[in-house]
1. Lysines within cross-link reach of Lys247: Cα-Cα under 18 Å, excluding same-chain residues under 8 positions apart?
2. Can you sort Met199, Met177 by solvent-accessible area, 1.4 Å probe, largest first?
3. Compute the Cα gyration tensor for region 232-286, then decide on rounded, prolate or oblate, letting a ≥ b ≥ c be the square roots of its eigenvalues: rounded whenever a/c is under 1.5, prolate when a/b is larger than b/c in the other cases, and oblate in all that remain.
4. Taking H placed 1.01 Å from N in the peptide plane, check which residues at least 5 places from Cys381 or on another chain put their amide H under 5 Å from its amide H.
5. Residue by residue through region 399-404, what is 3J(HN,Hα) from phi via Karplus (6.51 cos²θ - 1.76 cosθ + 1.60, θ = phi - 60°)? Round to whole Hz and write x for glycine and proline.
6. Heavy atoms only, probe 1.4 angstrom, no DNA, RNA or ligands counted: give me Thr504, Thr375 ranked by accessible area, highest first.
7. Per residue of region 372-389, what does 6.51 cos²θ - 1.76 cosθ + 1.60 with θ = phi - 60° give for ³J(HN,Hα)? Whole Hz please, x for Gly and Pro, Karplus curve as stated.
8. Report, to the nearest whole %, how much of the accessible area of the chain belongs to carbon and sulfur atoms, 1.4 Å probe, protein only.
Amino acid sequence: MRWCWVLCFLTVVLCGEATAQTQYAFRISFTDKVGAPSTSNPLVFLSQRALDRRTAQGIAVDSIDRPVSPTYIDSVLKLTSGKRHVVSKWLNTFVVLLNDSSKILNLQGKTFIKEVKYIAFFPSGLHKPSGDNSKHEEQGTLSKATGTAAYYGATYDQTKALNGDYLHDLGYKGEDMLIAVFDEGFRHVDTGPAFDSMMKSGRLVDQHNFVLDNNTVFDYSTHGTYSLSAIAGNLPGIYVGSAPRAKFAIYCTEHGSTEQPIELDNLVAALERSDSVGADVVSISLGYNEFFTPVPYTIDYATELDGKTTVAAKGVNIATSRGMLIVPSAGNEGNNSWKYILTPGDADSALTVGNVNINKQPASASGYGPNAAGTIKPNVCVVGQPAALMLSNTTPASISGTSFATPQLAGWAACLIQSTKDPTPYKIRTAIEKSAHIYTTPGAQLGYGVPDFRKAFNFLHVDSPIAASSDWLQVGPNPFTNTLDIRLLQSFNGQLDILLTDATGKVVYQLNSKAFQGSQKITLDLPELSRGVYFLKVITDSDERSVKLVKR
(Lines give C-alpha, C1' and ligand atoms only; values in the text may rest on other atoms or scores of the structure.)
Protein backbone atom coordinates (compact mmCIF):
# COMPACT_ATOMS: atom_id res chain seq x y z
CA MET A 1 0.00 0.00 0.00
CA ARG A 2 1.30 3.47 -0.93
CA TRP A 3 0.88 6.34 1.51
CA CYS A 4 1.29 9.41 -0.70
CA TRP A 5 1.83 12.74 1.04
CA VAL A 6 0.98 11.17 4.40
CA LEU A 7 4.43 11.42 6.02
CA CYS A 8 4.65 15.13 5.31
CA PHE A 9 1.11 15.52 6.52
CA LEU A 10 1.84 13.66 9.75
CA THR A 11 4.77 15.89 10.54
CA VAL A 12 2.80 19.09 10.05
CA VAL A 13 -0.63 18.22 11.40
CA LEU A 14 -0.96 15.18 13.58
CA CYS A 15 1.06 16.63 16.41
CA GLY A 16 -1.41 19.47 16.75
CA GLU A 17 -4.93 19.40 18.05
CA ALA A 18 -7.61 20.13 15.44
CA THR A 19 -10.78 22.09 16.05
CA ALA A 20 -14.09 20.28 16.13
CA GLN A 21 -15.08 21.44 12.64
CA THR A 22 -11.75 20.87 10.90
CA GLN A 23 -11.84 18.20 8.23
CA TYR A 24 -9.06 16.40 6.36
CA ALA A 25 -9.78 14.64 3.06
CA PHE A 26 -8.09 11.44 1.94
CA ARG A 27 -8.48 9.56 -1.34
CA ILE A 28 -8.52 5.81 -0.69
CA SER A 29 -7.78 3.53 -3.65
CA PHE A 30 -8.95 -0.07 -3.39
CA THR A 31 -7.35 -3.20 -4.81
CA ASP A 32 -10.52 -4.79 -6.20
CA LYS A 33 -14.34 -4.70 -6.12
CA VAL A 34 -15.13 -7.74 -4.01
CA GLY A 35 -18.75 -7.63 -2.87
CA ALA A 36 -19.87 -5.01 -5.39
CA PRO A 37 -22.98 -5.59 -7.54
CA SER A 38 -22.27 -7.56 -10.70
CA THR A 39 -22.83 -6.40 -14.27
CA SER A 40 -25.65 -8.94 -14.75
CA ASN A 41 -28.25 -6.36 -13.64
CA PRO A 42 -26.85 -2.95 -14.64
CA LEU A 43 -30.13 -1.18 -13.83
CA VAL A 44 -28.96 -1.33 -10.21
CA PHE A 45 -26.39 1.37 -11.00
CA LEU A 46 -27.29 2.77 -14.45
CA SER A 47 -30.53 4.30 -15.69
CA GLN A 48 -32.41 2.88 -18.66
CA ARG A 49 -31.49 6.03 -20.59
CA ALA A 50 -27.80 5.35 -19.92
CA LEU A 51 -28.16 1.77 -21.12
CA ASP A 52 -30.03 2.92 -24.23
CA ARG A 53 -27.19 5.33 -25.07
CA ARG A 54 -24.68 2.51 -24.77
CA THR A 55 -26.79 0.13 -26.82
CA ALA A 56 -27.05 2.70 -29.60
CA GLN A 57 -23.25 2.91 -29.69
CA GLY A 58 -22.50 -0.78 -29.13
CA ILE A 59 -20.89 -0.22 -25.71
CA ALA A 60 -21.07 -3.09 -23.23
CA VAL A 61 -21.33 -2.71 -19.46
CA ASP A 62 -18.06 -3.95 -17.96
CA SER A 63 -16.14 -4.20 -14.70
CA ILE A 64 -15.29 -0.49 -14.76
CA ASP A 65 -19.01 0.24 -14.36
CA ARG A 66 -19.35 -1.91 -11.25
CA PRO A 67 -19.71 0.17 -8.07
CA VAL A 68 -17.01 0.33 -5.43
CA SER A 69 -17.23 -2.44 -2.83
CA PRO A 70 -19.73 -1.32 -0.16
CA THR A 71 -17.95 -3.56 2.31
CA TYR A 72 -14.67 -1.68 1.77
CA ILE A 73 -16.35 1.70 2.16
CA ASP A 74 -18.05 0.61 5.36
CA SER A 75 -14.75 -0.68 6.71
CA VAL A 76 -12.99 2.62 6.00
CA LEU A 77 -15.77 4.61 7.66
CA LYS A 78 -15.78 2.36 10.70
CA LEU A 79 -12.00 2.32 11.12
CA THR A 80 -11.57 6.08 10.71
CA SER A 81 -14.87 7.41 12.13
CA GLY A 82 -14.95 9.37 8.91
CA LYS A 83 -17.63 10.89 6.72
CA ARG A 84 -18.33 9.80 3.17
CA HIS A 85 -17.60 12.43 0.53
CA VAL A 86 -17.44 11.11 -3.05
CA VAL A 87 -16.89 7.69 -4.62
CA SER A 88 -15.51 6.78 -8.05
CA LYS A 89 -16.39 3.34 -9.39
CA TRP A 90 -14.33 4.03 -12.52
CA LEU A 91 -11.14 4.71 -10.55
CA ASN A 92 -12.17 2.44 -7.64
CA THR A 93 -11.59 5.20 -5.10
CA PHE A 94 -13.35 6.65 -2.09
CA VAL A 95 -12.81 10.11 -0.56
CA VAL A 96 -13.30 10.19 3.21
CA LEU A 97 -13.42 13.27 5.46
CA LEU A 98 -11.91 13.02 8.94
CA ASN A 99 -12.17 15.35 11.91
CA ASP A 100 -9.40 13.40 13.63
CA SER A 101 -6.67 13.02 11.02
CA SER A 102 -4.67 10.53 13.07
CA LYS A 103 -7.34 7.88 12.46
CA ILE A 104 -6.19 7.50 8.88
CA LEU A 105 -3.36 5.42 10.36
CA ASN A 106 -5.92 2.78 11.29
CA LEU A 107 -5.98 1.75 7.62
CA GLN A 108 -2.34 0.65 7.59
CA GLY A 109 -1.93 -3.02 6.78
CA LYS A 110 -5.42 -3.49 5.31
CA THR A 111 -4.99 -5.71 2.27
CA PHE A 112 -7.94 -4.25 0.36
CA ILE A 113 -6.34 -0.79 0.30
CA LYS A 114 -3.97 0.01 -2.56
CA GLU A 115 -3.14 3.66 -1.90
CA VAL A 116 -3.94 6.55 0.45
CA LYS A 117 -3.45 10.17 -0.59
CA TYR A 118 -4.04 13.35 1.41
CA ILE A 119 -5.97 15.67 -0.94
CA ALA A 120 -7.65 18.48 1.01
CA PHE A 121 -7.79 20.42 4.25
CA PHE A 122 -10.81 22.43 5.43
CA PRO A 123 -10.12 24.39 8.63
CA SER A 124 -13.83 25.14 9.13
CA GLY A 125 -15.15 21.87 7.76
CA LEU A 126 -16.71 21.14 4.40
CA HIS A 127 -20.08 19.43 4.65
CA LYS A 128 -22.79 21.41 6.37
CA PRO A 129 -25.41 19.82 8.63
CA SER A 130 -28.42 18.43 6.82
CA GLY A 131 -30.91 21.14 5.93
CA ASP A 132 -28.42 24.02 6.02
CA ASN A 133 -29.34 26.38 3.19
CA SER A 134 -27.26 29.37 4.23
CA LYS A 135 -26.10 31.63 1.43
CA HIS A 136 -22.45 31.63 0.48
CA GLU A 137 -20.50 34.58 -0.86
CA GLU A 138 -19.53 34.30 -4.51
CA GLN A 139 -15.86 33.52 -5.01
CA GLY A 140 -13.43 33.87 -7.84
CA THR A 141 -13.77 35.72 -11.16
CA LEU A 142 -15.91 35.02 -14.16
CA SER A 143 -12.96 34.70 -16.52
CA LYS A 144 -11.39 31.73 -14.77
CA ALA A 145 -12.35 29.19 -15.97
CA THR A 146 -33.34 31.11 -36.22
CA GLY A 147 -31.44 32.53 -38.85
CA THR A 148 -32.15 36.16 -38.01
CA ALA A 149 -31.03 38.73 -35.47
CA ALA A 150 -34.69 39.31 -34.69
CA TYR A 151 -34.91 35.75 -33.33
CA TYR A 152 -31.52 35.29 -31.67
CA GLY A 153 -31.14 38.77 -30.22
CA ALA A 154 -27.81 39.11 -28.39
CA THR A 155 -26.54 35.67 -29.49
CA TYR A 156 -26.91 36.32 -33.22
CA ASP A 157 -23.24 37.11 -33.91
CA GLN A 158 -21.79 34.20 -31.90
CA THR A 159 -24.36 31.86 -33.47
CA LYS A 160 -23.70 32.96 -37.05
CA ALA A 161 -19.93 32.68 -36.51
CA LEU A 162 -20.41 28.90 -36.22
CA ASN A 163 -23.39 28.56 -38.59
CA GLY A 164 -25.22 27.12 -35.62
CA ASP A 165 -28.52 28.51 -36.89
CA TYR A 166 -28.24 25.99 -39.73
CA LEU A 167 -28.90 23.18 -37.23
CA HIS A 168 -31.77 25.08 -35.62
CA ASP A 169 -33.32 25.73 -39.03
CA LEU A 170 -33.26 21.99 -39.70
CA GLY A 171 -35.24 21.51 -36.50
CA TYR A 172 -32.38 20.47 -34.21
CA LYS A 173 -32.51 22.50 -31.00
CA GLY A 174 -31.53 19.81 -28.53
CA GLU A 175 -34.85 18.05 -28.04
CA ASP A 176 -34.43 14.84 -26.00
CA MET A 177 -30.70 15.48 -25.58
CA LEU A 178 -29.39 15.53 -21.99
CA ILE A 179 -26.53 17.94 -21.29
CA ALA A 180 -24.69 17.95 -17.95
CA VAL A 181 -23.05 21.24 -16.91
CA PHE A 182 -20.28 21.31 -14.28
CA ASP A 183 -19.42 24.54 -12.49
CA GLU A 184 -19.13 26.31 -9.15
CA GLY A 185 -22.74 27.37 -8.63
CA PHE A 186 -25.96 28.33 -10.42
CA ARG A 187 -27.48 31.25 -8.54
CA HIS A 188 -30.65 32.65 -10.21
CA VAL A 189 -31.16 29.67 -12.52
CA ASP A 190 -34.31 28.82 -10.56
CA THR A 191 -35.71 32.35 -10.98
CA GLY A 192 -34.10 33.95 -14.05
CA PRO A 193 -36.41 34.59 -17.05
CA ALA A 194 -33.90 33.09 -19.50
CA PHE A 195 -34.33 29.72 -17.77
CA ASP A 196 -38.12 29.81 -17.41
CA SER A 197 -38.84 27.45 -20.27
CA MET A 198 -36.34 24.90 -18.94
CA MET A 199 -37.65 25.05 -15.38
CA LYS A 200 -41.37 25.12 -16.16
CA SER A 201 -41.19 22.30 -18.70
CA GLY A 202 -39.32 20.02 -16.27
CA ARG A 203 -36.19 19.88 -18.41
CA LEU A 204 -33.89 20.33 -15.41
CA VAL A 205 -33.78 16.63 -14.65
CA ASP A 206 -30.99 16.39 -12.05
CA GLN A 207 -28.91 18.57 -9.75
CA HIS A 208 -26.28 17.94 -7.08
CA ASN A 209 -23.59 19.77 -5.18
CA PHE A 210 -20.56 17.49 -4.99
CA VAL A 211 -18.64 19.99 -2.87
CA LEU A 212 -21.15 20.00 -0.02
CA ASP A 213 -22.77 16.62 -0.74
CA ASN A 214 -26.28 18.05 -1.02
CA ASN A 215 -28.60 19.43 -3.68
CA THR A 216 -28.10 23.15 -3.02
CA VAL A 217 -26.97 24.38 -6.43
CA PHE A 218 -28.81 27.74 -6.57
CA ASP A 219 -27.36 29.33 -3.42
CA TYR A 220 -24.07 30.78 -4.61
CA SER A 221 -21.88 31.75 -7.58
CA THR A 222 -23.19 32.98 -10.91
CA HIS A 223 -20.36 31.48 -12.95
CA GLY A 224 -22.40 28.36 -13.69
CA THR A 225 -25.48 30.47 -14.37
CA TYR A 226 -23.71 32.36 -17.13
CA SER A 227 -22.28 29.12 -18.52
CA LEU A 228 -25.68 27.40 -18.55
CA SER A 229 -27.34 30.38 -20.21
CA ALA A 230 -25.10 29.96 -23.27
CA ILE A 231 -26.87 26.64 -23.89
CA ALA A 232 -30.26 26.79 -22.20
CA GLY A 233 -31.17 30.48 -22.43
CA ASN A 234 -34.44 30.88 -24.30
CA LEU A 235 -35.94 34.35 -24.75
CA PRO A 236 -36.61 34.65 -28.51
CA GLY A 237 -35.93 38.16 -29.70
CA ILE A 238 -33.59 38.79 -26.74
CA TYR A 239 -31.41 35.72 -26.25
CA VAL A 240 -31.39 32.14 -27.60
CA GLY A 241 -28.76 29.59 -26.49
CA SER A 242 -27.24 26.85 -28.58
CA ALA A 243 -29.55 24.03 -27.41
CA PRO A 244 -32.60 25.79 -25.94
CA ARG A 245 -34.82 22.72 -25.89
CA ALA A 246 -32.41 20.21 -24.36
CA LYS A 247 -32.70 18.58 -20.96
CA PHE A 248 -30.13 19.48 -18.32
CA ALA A 249 -28.31 18.18 -15.25
CA ILE A 250 -26.36 20.78 -13.26
CA TYR A 251 -23.56 19.82 -10.88
CA CYS A 252 -21.37 21.88 -8.55
CA THR A 253 -17.86 20.41 -8.46
CA GLU A 254 -15.68 23.51 -7.94
CA HIS A 255 -14.92 24.87 -4.46
CA GLY A 256 -14.57 28.56 -5.25
CA SER A 257 -12.62 29.69 -2.20
CA THR A 258 -9.82 27.14 -2.44
CA GLU A 259 -7.87 25.10 -4.99
CA GLN A 260 -7.27 21.52 -3.87
CA PRO A 261 -6.95 18.09 -5.53
CA ILE A 262 -10.29 17.01 -4.05
CA GLU A 263 -11.98 19.07 -6.76
CA LEU A 264 -10.73 16.56 -9.35
CA ASP A 265 -12.48 13.83 -7.39
CA ASN A 266 -15.65 15.91 -7.33
CA LEU A 267 -15.41 16.26 -11.10
CA VAL A 268 -15.01 12.52 -11.68
CA ALA A 269 -17.94 11.78 -9.36
CA ALA A 270 -20.05 14.20 -11.41
CA LEU A 271 -18.94 12.48 -14.64
CA GLU A 272 -20.10 9.16 -13.24
CA ARG A 273 -23.45 10.62 -12.21
CA SER A 274 -23.78 12.15 -15.69
CA ASP A 275 -23.21 8.70 -17.14
CA SER A 276 -25.69 7.10 -14.76
CA VAL A 277 -28.51 9.51 -15.62
CA GLY A 278 -27.82 9.07 -19.34
CA ALA A 279 -26.20 12.37 -20.35
CA ASP A 280 -25.20 12.75 -23.99
CA VAL A 281 -22.86 15.73 -23.56
CA VAL A 282 -20.95 17.17 -20.59
CA SER A 283 -19.87 20.82 -20.51
CA ILE A 284 -17.00 21.62 -18.09
CA SER A 285 -16.12 25.31 -17.67
CA LEU A 286 -13.37 24.43 -15.22
CA GLY A 287 -9.68 23.60 -15.34
CA TYR A 288 -6.73 22.97 -13.02
CA ASN A 289 -2.96 23.27 -13.06
CA GLU A 290 -1.97 24.14 -9.49
CA PHE A 291 -3.16 23.55 -5.95
CA PHE A 292 -2.40 25.73 -2.95
CA THR A 293 -3.52 23.38 -0.17
CA PRO A 294 -3.11 20.97 1.53
CA VAL A 295 0.37 20.82 -0.05
CA PRO A 296 1.31 23.51 -2.64
CA TYR A 297 1.68 21.69 -5.93
CA THR A 298 1.84 22.56 -9.64
CA ILE A 299 1.05 19.91 -12.23
CA ASP A 300 4.11 19.03 -14.28
CA TYR A 301 3.30 19.71 -17.92
CA ALA A 302 5.78 17.22 -19.37
CA THR A 303 4.83 14.21 -17.28
CA GLU A 304 1.23 14.83 -16.17
CA LEU A 305 -0.49 16.92 -18.82
CA ASP A 306 -0.30 14.11 -21.37
CA GLY A 307 -4.03 13.54 -21.71
CA LYS A 308 -4.25 10.44 -19.54
CA THR A 309 -2.48 10.95 -16.22
CA THR A 310 -4.38 13.38 -13.98
CA VAL A 311 -7.41 12.15 -12.07
CA ALA A 312 -9.61 14.47 -14.11
CA ALA A 313 -8.18 13.36 -17.47
CA LYS A 314 -8.63 9.70 -16.53
CA GLY A 315 -12.26 10.41 -15.66
CA VAL A 316 -12.89 12.21 -18.95
CA ASN A 317 -11.36 9.41 -21.01
CA ILE A 318 -13.43 6.76 -19.26
CA ALA A 319 -16.55 8.91 -19.62
CA THR A 320 -15.91 9.14 -23.36
CA SER A 321 -15.54 5.36 -23.54
CA ARG A 322 -19.02 5.13 -22.00
CA GLY A 323 -20.44 7.07 -24.98
CA MET A 324 -20.59 10.66 -23.70
CA LEU A 325 -19.05 13.63 -25.50
CA ILE A 326 -16.99 15.60 -22.97
CA VAL A 327 -16.45 19.31 -23.70
CA PRO A 328 -13.98 21.01 -21.30
CA SER A 329 -12.46 24.47 -21.31
CA ALA A 330 -8.89 25.12 -22.45
CA GLY A 331 -8.52 27.60 -19.59
CA ASN A 332 -7.46 31.23 -19.40
CA GLU A 333 -3.75 30.91 -18.67
CA GLY A 334 -2.47 32.07 -22.05
CA ASN A 335 -1.18 35.36 -20.63
CA ASN A 336 0.55 33.72 -17.66
CA SER A 337 3.92 32.03 -17.27
CA TRP A 338 2.12 28.68 -17.37
CA LYS A 339 0.24 29.57 -20.62
CA TYR A 340 -0.80 25.94 -21.35
CA ILE A 341 -4.21 24.34 -21.38
CA LEU A 342 -5.52 23.01 -18.07
CA THR A 343 -6.73 19.58 -17.03
CA PRO A 344 -9.16 18.00 -17.91
CA GLY A 345 -8.80 20.00 -21.13
CA ASP A 346 -5.64 18.00 -21.82
CA ALA A 347 -7.59 14.71 -21.98
CA ASP A 348 -6.91 13.09 -25.34
CA SER A 349 -10.55 12.07 -25.87
CA ALA A 350 -12.02 15.46 -24.92
CA LEU A 351 -13.37 18.09 -27.31
CA THR A 352 -11.49 20.98 -25.70
CA VAL A 353 -12.58 24.55 -26.41
CA GLY A 354 -10.51 27.72 -26.74
CA ASN A 355 -11.64 31.32 -27.04
CA VAL A 356 -11.68 33.73 -30.01
CA ASN A 357 -13.22 37.05 -30.92
CA ILE A 358 -15.82 37.54 -33.62
CA ASN A 359 -13.04 37.80 -36.23
CA LYS A 360 -11.73 34.34 -35.26
CA GLN A 361 -8.61 35.78 -33.67
CA PRO A 362 -7.50 34.02 -30.46
CA ALA A 363 -8.15 35.71 -27.13
CA SER A 364 -4.77 36.43 -25.57
CA ALA A 365 -5.72 34.58 -22.37
CA SER A 366 -6.92 31.42 -24.10
CA GLY A 367 -4.68 28.47 -23.17
CA TYR A 368 -2.07 27.05 -25.54
CA GLY A 369 -1.63 23.44 -26.61
CA PRO A 370 -0.78 20.83 -27.54
CA ASN A 371 -0.87 18.49 -24.55
CA ALA A 372 2.41 16.88 -23.50
CA ALA A 373 1.75 13.86 -25.75
CA GLY A 374 1.45 16.12 -28.80
CA THR A 375 -2.33 15.84 -29.18
CA ILE A 376 -3.79 19.02 -30.67
CA LYS A 377 -5.39 21.12 -27.94
CA PRO A 378 -7.59 23.02 -27.88
CA ASN A 379 -9.48 21.04 -30.48
CA VAL A 380 -11.53 24.02 -31.65
CA CYS A 381 -12.36 27.58 -30.62
CA VAL A 382 -15.65 29.45 -30.15
CA VAL A 383 -16.52 33.13 -29.81
CA GLY A 384 -16.10 34.01 -26.16
CA GLN A 385 -14.26 37.33 -26.43
CA PRO A 386 -16.82 38.40 -25.43
CA ALA A 387 -19.78 36.05 -25.23
CA ALA A 388 -23.38 37.15 -24.77
CA LEU A 389 -24.75 35.62 -21.56
CA MET A 390 -27.77 35.84 -19.26
CA LEU A 391 -28.24 36.04 -15.50
CA SER A 392 -31.25 37.11 -13.44
CA ASN A 393 -33.10 39.54 -15.73
CA THR A 394 -33.82 40.07 -19.41
CA THR A 395 -30.73 42.14 -20.14
CA PRO A 396 -27.87 40.20 -21.80
CA ALA A 397 -24.34 40.67 -20.50
CA SER A 398 -21.04 40.54 -22.43
CA ILE A 399 -18.32 38.57 -20.60
CA SER A 400 -15.10 37.03 -21.88
CA GLY A 401 -13.46 33.68 -21.16
CA THR A 402 -13.08 30.11 -22.35
CA SER A 403 -15.65 29.26 -19.68
CA PHE A 404 -18.30 30.82 -21.88
CA ALA A 405 -17.04 29.57 -25.23
CA THR A 406 -17.19 25.99 -23.92
CA PRO A 407 -20.94 25.64 -23.19
CA GLN A 408 -21.85 27.16 -26.54
CA LEU A 409 -20.01 24.33 -28.27
CA ALA A 410 -21.52 21.72 -25.94
CA GLY A 411 -24.98 22.85 -27.00
CA TRP A 412 -24.22 22.83 -30.71
CA ALA A 413 -22.65 19.38 -30.35
CA ALA A 414 -25.86 18.16 -28.69
CA CYS A 415 -27.87 19.45 -31.66
CA LEU A 416 -25.49 17.63 -33.98
CA ILE A 417 -25.89 14.41 -31.97
CA GLN A 418 -29.66 14.85 -32.23
CA SER A 419 -29.36 14.77 -36.01
CA THR A 420 -27.83 11.30 -36.25
CA LYS A 421 -28.63 7.76 -35.22
CA ASP A 422 -24.96 6.87 -34.80
CA PRO A 423 -23.61 9.59 -32.48
CA THR A 424 -20.35 8.19 -31.13
CA PRO A 425 -18.14 10.81 -29.41
CA TYR A 426 -15.37 10.13 -31.93
CA LYS A 427 -17.60 10.76 -34.93
CA ILE A 428 -19.08 13.93 -33.47
CA ARG A 429 -15.67 15.29 -32.43
CA THR A 430 -14.14 14.46 -35.81
CA ALA A 431 -16.98 16.10 -37.76
CA ILE A 432 -16.64 19.27 -35.69
CA GLU A 433 -12.85 19.34 -36.08
CA LYS A 434 -12.99 18.75 -39.84
CA SER A 435 -15.45 21.62 -40.22
CA ALA A 436 -13.12 24.13 -38.52
CA HIS A 437 -11.61 26.97 -40.54
CA ILE A 438 -7.91 26.01 -40.21
CA TYR A 439 -8.33 22.23 -40.06
CA THR A 440 -5.40 21.59 -42.40
CA THR A 441 -3.07 24.01 -40.58
CA PRO A 442 -3.89 23.78 -36.85
CA GLY A 443 -2.25 26.13 -34.37
CA ALA A 444 -1.12 26.01 -30.75
CA GLN A 445 -3.82 28.41 -29.52
CA LEU A 446 -6.56 27.94 -32.12
CA GLY A 447 -6.33 24.18 -32.53
CA TYR A 448 -8.29 23.34 -35.70
CA GLY A 449 -10.00 26.72 -35.52
CA VAL A 450 -13.63 27.82 -35.44
CA PRO A 451 -16.10 25.10 -36.48
CA ASP A 452 -18.85 25.47 -39.07
CA PHE A 453 -21.85 23.39 -38.05
CA ARG A 454 -23.28 23.38 -41.52
CA LYS A 455 -20.13 21.60 -42.70
CA ALA A 456 -20.06 19.42 -39.58
CA PHE A 457 -23.60 18.25 -40.31
CA ASN A 458 -22.65 17.29 -43.85
CA PHE A 459 -19.43 15.57 -42.73
CA LEU A 460 -21.41 13.60 -40.15
CA HIS A 461 -23.93 12.44 -42.72
CA VAL A 462 -21.37 11.44 -45.32
CA ASP A 463 -22.34 7.75 -45.05
CA SER A 464 -25.91 8.67 -46.02
CA PRO A 465 -25.14 11.80 -48.05
CA ILE A 466 -27.61 14.57 -48.60
CA ALA A 467 -28.49 14.32 -52.25
CA ALA A 468 -28.89 18.06 -52.77
CA SER A 469 -27.66 20.82 -50.52
CA SER A 470 -28.57 24.48 -50.73
CA ASP A 471 -29.97 27.15 -48.49
CA TRP A 472 -33.49 25.84 -49.05
CA LEU A 473 -33.44 22.09 -49.79
CA GLN A 474 -31.96 18.90 -48.36
CA VAL A 475 -32.88 15.34 -49.34
CA GLY A 476 -31.65 12.11 -47.77
CA PRO A 477 -30.56 9.51 -47.12
CA ASN A 478 -29.12 8.55 -50.46
CA PRO A 479 -29.18 5.66 -51.18
CA PHE A 480 -32.52 5.18 -49.37
CA THR A 481 -34.52 2.10 -48.51
CA ASN A 482 -38.17 2.69 -47.60
CA THR A 483 -38.34 6.33 -46.49
CA LEU A 484 -36.96 9.58 -47.85
CA ASP A 485 -36.67 12.84 -45.88
CA ILE A 486 -37.11 16.19 -47.60
CA ARG A 487 -36.19 19.30 -45.63
CA LEU A 488 -37.22 22.74 -46.87
CA LEU A 489 -36.23 26.17 -45.64
CA GLN A 490 -38.49 28.90 -47.05
CA SER A 491 -38.70 32.64 -46.49
CA PHE A 492 -42.45 32.79 -47.21
CA ASN A 493 -45.51 30.57 -47.60
CA GLY A 494 -46.29 29.20 -51.06
CA GLN A 495 -47.03 26.24 -53.28
CA LEU A 496 -44.99 23.01 -53.13
CA ASP A 497 -44.90 20.28 -55.79
CA ILE A 498 -42.91 17.05 -55.47
CA LEU A 499 -42.46 14.62 -58.36
CA LEU A 500 -40.57 11.32 -58.26
CA THR A 501 -39.88 9.58 -61.57
CA ASP A 502 -38.09 6.39 -62.48
CA ALA A 503 -35.26 6.07 -65.02
CA THR A 504 -37.74 5.95 -67.92
CA GLY A 505 -39.43 9.21 -66.87
CA LYS A 506 -42.55 7.56 -65.45
CA VAL A 507 -44.04 9.40 -62.46
CA VAL A 508 -44.08 6.98 -59.51
CA TYR A 509 -44.95 9.47 -56.79
CA GLN A 510 -46.52 12.94 -56.76
CA LEU A 511 -47.39 15.36 -53.97
CA ASN A 512 -49.03 18.77 -54.25
CA SER A 513 -48.88 20.64 -50.98
CA LYS A 514 -47.86 23.90 -49.29
CA ALA A 515 -44.40 25.23 -48.53
CA PHE A 516 -44.44 27.02 -45.21
CA GLN A 517 -42.21 29.83 -44.02
CA GLY A 518 -39.31 28.53 -41.93
CA SER A 519 -38.06 24.95 -41.61
CA GLN A 520 -40.28 22.11 -42.85
CA LYS A 521 -39.68 18.36 -42.98
CA ILE A 522 -41.59 15.96 -45.22
CA THR A 523 -41.09 12.20 -45.05
CA LEU A 524 -42.04 10.09 -48.07
CA ASP A 525 -42.94 6.43 -47.43
CA LEU A 526 -41.90 4.48 -50.51
CA PRO A 527 -41.78 0.78 -49.56
CA GLU A 528 -43.39 -0.37 -52.83
CA LEU A 529 -40.70 1.06 -55.08
CA SER A 530 -38.31 -1.44 -56.62
CA ARG A 531 -34.58 -1.01 -56.46
CA GLY A 532 -33.03 1.35 -58.95
CA VAL A 533 -32.37 4.94 -59.97
CA TYR A 534 -34.99 7.68 -59.47
CA PHE A 535 -35.21 11.41 -60.01
CA LEU A 536 -36.82 13.75 -57.51
CA LYS A 537 -38.03 17.20 -58.54
CA VAL A 538 -38.98 19.74 -55.88
CA ILE A 539 -40.74 22.90 -57.05
CA THR A 540 -41.67 25.94 -54.94
CA ASP A 541 -42.86 29.41 -55.95
CA SER A 542 -39.28 30.66 -56.01
CA ASP A 543 -37.06 27.62 -56.68
CA GLU A 544 -36.84 24.33 -58.53
CA ARG A 545 -34.32 21.55 -58.07
CA SER A 546 -33.85 17.98 -59.37
CA VAL A 547 -32.03 15.29 -57.45
CA LYS A 548 -30.79 11.86 -58.56
CA LEU A 549 -31.55 9.11 -56.01
CA VAL A 550 -30.82 5.42 -55.61
CA LYS A 551 -33.12 2.97 -53.87
CA ARG A 552 -31.48 -0.11 -52.40
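The values are calculated or read from the model by the stated rules, or taken from the named source; none is laboratory data. In this text the structure is predicted, and so the values were computed from the model without any measurement. All Cβ positions, even for glycine, are placed from backbone atoms using ideal geometry, and neighbour counts span all protein chains on display. For accessibility, only protein heavy atoms count, side chains too; no ligands or nucleic acids. Shrake-Rupley method; radii C 1.70, N 1.55, O 1.52, S 1.80 Å.
1. Lys173, Lys200
2. Met199, Met177
3. On the way: a/c = 3.98, a/b = 1.68, b/c = 2.37.
It comes out oblate by the Cα gyration axes.
4. The list, which skips near neighbours in sequence, is Gly354, Gly449, Val450.
5. My calculation for region 399-404 gives 9, 9, x, 5, 4, 9 Hz in order.
6. Ranked from most to least accessible, the order is Thr504, Thr375.
7. 5, 8, x, 6, 4, 9, x, 6, 9, 10, 9, 5, x, 10, x, 10, 7, 9
8. About 50 percent, which is the carbon plus sulfur part of the accessible surface.
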